[in-house]
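Notes follow the structure.
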Amino acid sequence: MSAIRHVLFRGRVQGVGFRAFVADEAVRMGVGGFVRNRRDGTVEAVFAGDEKIVEAIVALCRKGSYASRVDGVEVRDASAEELALRGGEKFAVLPTV
C-alpha cells in the first residue's frame, strides 16, 4: 500500500547536516519526496512510497543525524500536490521557505 506523509521536525535540525541525512536515507530506502529548511527553524519533509518504508524512514529521522537533536515530530497525511513540489526529482532538497 502506498503512502504520502508530511513531516515537520523540531529541535537542532538546521546547520547540522540533518537535511543531507534525510535525503541520503530517502534515496537509500527508495522513498520519493523532498526535504527543506523553514525560516522558523524547523525542517519539513514529504515522504512517498510503500507505507511500511515511509513509516521506517520517519522513525529513523526521529533519531536524527549524529549532530542533530530532534525534539518534536509532527506527521500528517500529505497530498499529491504537496509531493509535486519536488519537481522532476525522485527525492529533492528544496530551498528554504
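Every number here is computed from the coordinates shown, using simple stated rules; none is lab data. Everything quoted here is computed from the prediction, not taken from an experiment. Every residue, glycine among them, receives a Cβ derived from its backbone with ideal geometry; neighbour counts consider all protein chains shown.
Tell me the trypsin sites (Lys or Arg not before Pro) within the chain that lie in a loop according to DSSP and have at most 11 other beta-carbon atoms within 10 Å.
Sites meeting the loop and neighbour criteria: 39.
Counting only other residues whose beta carbon sits under 15 Å from that of residue 49, what net charge do I get with K and R as +1, D and E as -1?
-2
Rounded to the nearest 10 degrees, what's the angle between the helix 51-63 long axis and the longest principal axis of the chain, both from Cα atoms, 0 to 90?
Between helix and principal axis, roughly 0 degrees.
So, with +1 on the Cβ of K and R and -1 on the Cβ of D and E, and no other charges, what is the size of the charge dipole of the chain about its Cα centre, to the nearest 20 debye?
Computed about the Cα centre, the dipole is about 360 debye.
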